[in-house]
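Working notes, beginning with the structure itself.
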Amino acid sequence: MVKKKIAIITGASSGLGREFVRQLDKKRGLDEMWVVARREERLIELRNQIRTVLRVIPLDLTQKESFQTIRALLEEEQLEVRYLINAAGFGKIGSWRDISIGDCDDMIDLNCRAAVDMTQLALPFMSRGANVLEICSTAGFQPFPYLNIYSASKAFLYRYSRALRVELLGAGIHVTAVCPYWVKDTEFIGTAQKTEDSTYIRHFPLASREKNVVCHALIDAELGLPVSTPGLVCTVHRIAAKVIPSEIMMGIWSLLRRI
């Protein structure tokens, strides 16, 4: 029996996740895309915008029971996962006083646990030439005051991706940590600023656009690169964070965030 070739994209109702769906739709070889997000109506709208068969899976990945549903779906069909793109995630800007424990927990659950659980579920259905893209962030390269939980969660995902890639080299499955800078045309910045005091970061200069980030990330993944820094700022940041001590980097950040 010929196995159905699919891509799984989380966080597909908006932002980078939605753009990955659109750009993967232009590639040949996928029989179906599975899109996972809370907002079912957004996923249904997306179905009408692409040619590839879209399977809408409306789930909240901060809830552990959601993964039982995904496991059952994977096990009931003969399929091969060619792409797993973990784009679900969110962040909050503010001091520790501004951010609720619920938001803290949800950031960790969605940015860390959900990505790991999705990867663990998908890997048994992947084979040589498949790609895992973990959507990390340039924030994962250093500690960021007033963005501390988000940056820490992305540092976790970045390190997880780098180590998993080495484990999977023999299997021929490529893992790429995608680490963009601010992306201006997603919902991330607006959501991140919804705290009691959102003035900790005043501006987002030189922000990228989602089309460029996704295009760059897919090329890097297909080249088998371990890290994708889709833009000048995140590339420079990655290099700087390797050679400049964290205390100095946080001092530079303290100045830049007030500009």
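The values are calculated or read from the model by the stated rules, or taken from the named source; none is laboratory data. On a predicted model such as this, the values are computed, not experimentally measured, just so you know. Cβ placement follows ideal geometry from the backbone for every residue including glycine, while neighbour counts extend to all protein chains displayed. Side chains are part of the model used for accessible areas, which takes the heavy atoms of the whole protein and leaves out ligands, DNA and RNA. Shrake-Rupley method; radii C 1.70, N 1.55, O 1.52, S 1.80 Å.
Excluding same-chain neighbours fewer than eight residues apart, the lysines reachable from K184 by a Cα-Cα span under 24 Å are K26, K92, K154, K194, K211.
The Cα-based radius of gyration of the range 65-116, divided by its Kirkwood radius, gives an Rg/Rh of 1.14.
Between the alpha-carbon centres of the range 1-79 and the range 95-139 there is a gap of 16 Å. For the peptides 209-221, 116-128, 239-251, the ranking by packing is 209-221, 116-128, 239-251, with the highest mean count of neighbouring Cβ atoms within 10 Å listed first.
The share of C-alpha pairs in the range 89-183 whose separation exceeds 19 Å stands at 42 percent. Highest mobility in the GNM of the chain, judged by mean-square fluctuation with C-alpha springs under 10 Å and restricted to C234, C179, C104, is found for C104. Using only side-chain charges placed at the Cβ, +1 for Lys and Arg and -1 for Asp and Glu, the dipole size of the chain relative to its Cα centre rounds to 780 debye. Its alpha carbons give the chain an Rg and a Dmax of 17.9, 60 Å.
Positive end of the charge dipole of the chain (Lys, Arg +1 and Asp, Glu -1 on Cβ, about the Cα centre): tell me which of A122, Y146, W253 has its Cα farthest that way. Going by the charge dipole, the pick is W253.
Provide the per residue accessible area, probe 1.4 Å, for the range 1-129, rounded to a whole number of square angstrom.
48 Å²
Quick one: grab the alpha carbon gyration tensor of the range 208-259, order the square roots of its eigenvalues as a ≥ b ≥ c, and give me rounded if a/c is under 1.5, else prolate or oblate depending on whether a/b is larger than b/c. Oblate. Under a Gaussian network description of the chain, with springs only between Cα atoms under 10 Å, the residue in G102, G172, G15 that fluctuates furthest is G102. Considering helices alone, the calculated mean residue ellipticity of the chain at 222 nm is -12500 deg cm²/dmol, with DSSP H runs of length four and up weighted by -39500 (n - 2.57) and normalised per residue. Looking at the square roots a ≥ b ≥ c of the eigenvalues of the Cα gyration tensor of the range 1-85, which shape do they give, rounded for a/c under 1.5, prolate if a/b is larger than b/c, or oblate? Here the range 1-85 falls in the oblate category. Farthest towards the positive end of the charge dipole of the chain, among the residues G170, L54, I108, is the Cα of G170, using unit charges on the Cβ of Lys, Arg, Asp and Glu. Around the amide H of W34, modelled in the peptide plane, lie the amide H atoms of A7, I8, I9, R55, all under 5 Å away and 5 or more residues distant in sequence or on another chain.
For the chain, the residue among V36, V2, P180 whose Cα projects farthest onto the positive side of the dipole built from Cβ charges is P180. A simple charge model with +1 on the Cβ of Lys and Arg, -1 on the Cβ of Asp and Glu and nothing else charged puts the dipole of the range 30-82 at about 240 debye relative to its Cα centre.
Nearest 10 degrees, 0 to 90: what angle lies between the long axis of helix 148-167 and the longest principal axis of the chain (Cα atoms)? The two axes meet at around 40 degrees.
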